[in-house]
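The values are calculated or read from the model by the stated rules, or taken from the named source; none is laboratory data. Just so we're clear, the structure is a prediction, and the values are computed from it rather than from any experiment. Cβ placement follows ideal geometry from the backbone for every residue including glycine, while neighbour counts extend to all protein chains displayed. Heads up: the accessible areas ignore ligands, DNA and RNA and are worked out on the full protein's heavy atoms, side chains in. Shrake-Rupley method; radii C 1.70, N 1.55, O 1.52, S 1.80 Å.
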Amino acid sequence: MQRRSFLHSAAALALLGTAGCASTSIPSKARVVVIGGGYGGATAAKYVRLLSDHKIDVVLVEPNAAFVSCPMSNLVLGGSKQIAELTTPYRGLERNHGVTIVKDWAKAIDTGRKTVTLAGGATIAYDKLVVSPGVELLMDSIKGLRAAQASGQVLQAWHAGAETVAMRRQLEAMPDGGVFAITIPEQPIRCPPGPYERACQVAWYFKRAKSRSKVLVLDANPDVASKGPLFKRVWAEQYRGIVEYRPQYNTLSVDPATGIIGFEVQEDEKANVINALPAMRAGAIAVQAGLNNLANNRWCGVDFLTFESTAAKDVHVLGDSIQTAPGMPKSGHMANNHGKVAAAAIVAQLSGWPVNPAPMLTNTCYSFLDDRSVVHVSSVHEYVAAERTFKTVPGSGGLSAEPSVQEGVYAVDWARNIWADTLA
Ligand SMILES: Cc1cc2nc3c(=O)[nH]c(=O)nc-3n(C[C@H](O)[C@H](O)[C@H](O)COP(=O)(O)OP(=O)(O)OC[C@H]3O[C@@H](n4cnc5c(N)ncnc54)[C@H](O)[C@@H]3O)c2cc1C
């Protein structure tokens, strides 16, 4: 057996949680449709093909021509990476795994008829549907933001790509002595440490290129939501006089003409470049399909054993769109792991096999403090059958003791590995 197929078989059996039932009851004509080619969806598409020995057809619906990674995208703002370095074409999924890629938006899901209608007009039938559309940013939760965003003046760059590059240009155009303000909504949000990493990246750029400029972090949360002591230490030491952190600043309005940001309680602030992050919820297509049945209809409930929606049969929701289990972050690493657990469950269900009763998930999240120095947080999550949820394994994972360049090497390797695991 070739090394590559041995590795695939070993990984397949581990994910299926079985060593004995890989005999062939896999139906040859089943079709899985995947909406969204990000960390969750692309992984699920690839692993359904791998785990079914390429017998189940997989159609991936994704409007973008290539995958652009949010992890590492803050480094584009800092200036040490280009967006092209974070971009991977989808052809690996097509060529290596036989996933059919349809470049389009999913416009509607009919969970009764089990069909997906595309913006281009076509309708695709599914046996199983995977929905992994990421998050929708609730622009109307901040007064003036929708118009400010549409005019290109106040950006989010919370979906990596053109907006990330445009925000870097805003920073380059900002006069020395100016202020970059990032406003953070209440948790839960996509990537809890992401805004604080971004503050470091912009500060790193200012320190080298515009040393009289400031980074204002205006956070609706009571404290830094992830890796708090590590970020605060770096702001106090490496970025003293550049980064100012203010908790419990709930942003209510932005006005790009004056640069004024309004808050629920405090006085207005003024900034040259505003990065206003609004509240978030499940991706729009999940909402349109009525899958957002939890947390004031913001997130999608799933059965954690299979990631099948609690609102619609044969629909599996992954990644940032779900109501997470305790201690589970909305991260790319986690979405990738959701994709594998869901793929194994889908293949088992379509094949009449028992579903793995004890799936495990891992998470590691690195944050770059400059171009090389990094901190991480990691965790391991096990499915607890009695409570039908994932729980963090006591004593698992951990947090960096201090920033290190060695962790910077690990972080770059993490990115290369997960991009290959998801897309190659
Ligand atoms: C600045 C930043 C830094 C981050 N850093 C890290 C990090 O270091 N480590 C980490 O693990 N995570 C990090 N994350 C979080 C990570 O990016 C997300 O958690 C992850 O992308 C979630 O995966 P997903 O599949 O849910 O969504 P995504 O990866 O966003 O994928 C969603 C896909 O669905 C597509 N889509 C949406 N709607 C439709 C539709 N109607 N039809 C078809 N396709 C559709 C989109 O085009 C997109 O390709 C970071 C995020 C940000 C913003």
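In the range 365-424, the alpha-carbon atoms span a convex hull of 97 Å³ per residue. Here the chain is treated as an ellipsoid with the same Cα gyration tensor; its semi-axes, largest first and in whole Å, are 38, 23, 20.
Could you give the dipole magnitude of the range 53-129 about its Cα centre, charging the beta-carbon of Lys and Arg +1 and that of Asp and Glu -1, in debye to the nearest 20?
Details: 9 positive and 8 negative charges, 11 e Å.
Using Cβ point charges on Lys, Arg, Asp and Glu, the range 53-129 gives about 60 debye.
Each of 399, 256, 411 was placed along the dipole of the chain (beta-carbon charges, centred on the mean Cα), and the one lying farthest toward the positive end is 411. Computed over protein heavy atoms with a 1.4 angstrom probe, the accessible surface ordering of 146, 190, 281, largest first, is 146, 281, 190.
Reported value for the range 240-339: 159 Å³ per residue, from the convex hull of its C-alpha atoms. Rounded to whole numbers, the Karplus 3J(HN,Hα) couplings from phi for the range 112-128 are x, 7, 6, 9, 10, 9, 9, 4, x, x, 5, 10, 10, 8, 10, 8, 9 Hz, using 6.51 cos²θ - 1.76 cosθ + 1.60 with θ = phi - 60°, and x at Gly and Pro. Within the range 72-135, the trypsin sites (Lys or Arg not before Pro) that combine a DSSP coil assignment with at most 16 other C-beta atoms in a 10 angstrom radius are 103, 113. For the range 132-247, the extents of the C-alpha atoms along the principal axes are 37, 31, 26 Å, listed from largest to smallest. Accessible surface computed residue by residue for the chain, with neighbouring protein chains in place and a 1.4 Å probe, gives 41 Å² per residue.
Remark on residue 105: its backbone amide H falls under 5 Å from those of 119, 120, a criterion applied only to residues 5 or more positions apart or on other chains, H modelled at 1.01 Å from N.
Straight-line reach from residue 210: taking Cα to Cα under 13 Å and skipping same-chain neighbours fewer than 8 places apart, the aspartates and glutamates in range are 172, 176.
Could you compute how fast the range 210-249 diffuses translationally, taking Rh as the Kirkwood radius over C-alpha pairs and applying Stokes-Einstein at 20 °C with viscosity 1.002 mPa s? Give it in µm² per second.
Rounded to a whole number, D works out at 202 µm²/s.
Every pair of different Cα atoms in the range 309-371 enters the Kirkwood calculation, which places the hydrodynamic radius at 13.3 Å.
A Stokes-Einstein calculation at 20 °C with viscosity 1.002 mPa s, built on the Kirkwood radius of the range 181-291 over Cα pairs, returns a diffusion coefficient of 144 µm²/s. Packing-based ranking of 192-203, 319-330, 249-260 yields 192-203, 319-330, 249-260, ordered from highest to lowest mean Cβ neighbour count within 10 Å. Ligands, DNA and RNA left out, the accessible area of the chain computed with a 1.4 Å probe is 51% carbon and sulfur.
Quick one: of the DSSP bridges fully inside the chain, what percent are antiparallel, nearest 5? Spell out each step's value before the answer.
On the way: 39 of 71 bridges.
Of the beta bridges lying entirely in the chain, close to 55 percent run antiparallel.
Just checking the listed ones, 163, 308, 267: in the Gaussian network model of the chain with Cα springs under 10 Å, the one fluctuating most is 267. Oblate is the label for the range 59-173, because a/c, from the alpha-carbon gyration tensor with a ≥ b ≥ c as root eigenvalues, is 1.5 or above and a/b does not exceed b/c.
Separation of the range 281-309 from the range 375-424 is 24 Å, based on Cα centroids.
Residues whose amide H falls under 5 Å from that of residue 384, counting only those 5 or more places apart or on a different chain, are 389, 390, 391, with hydrogens built in the peptide plane.
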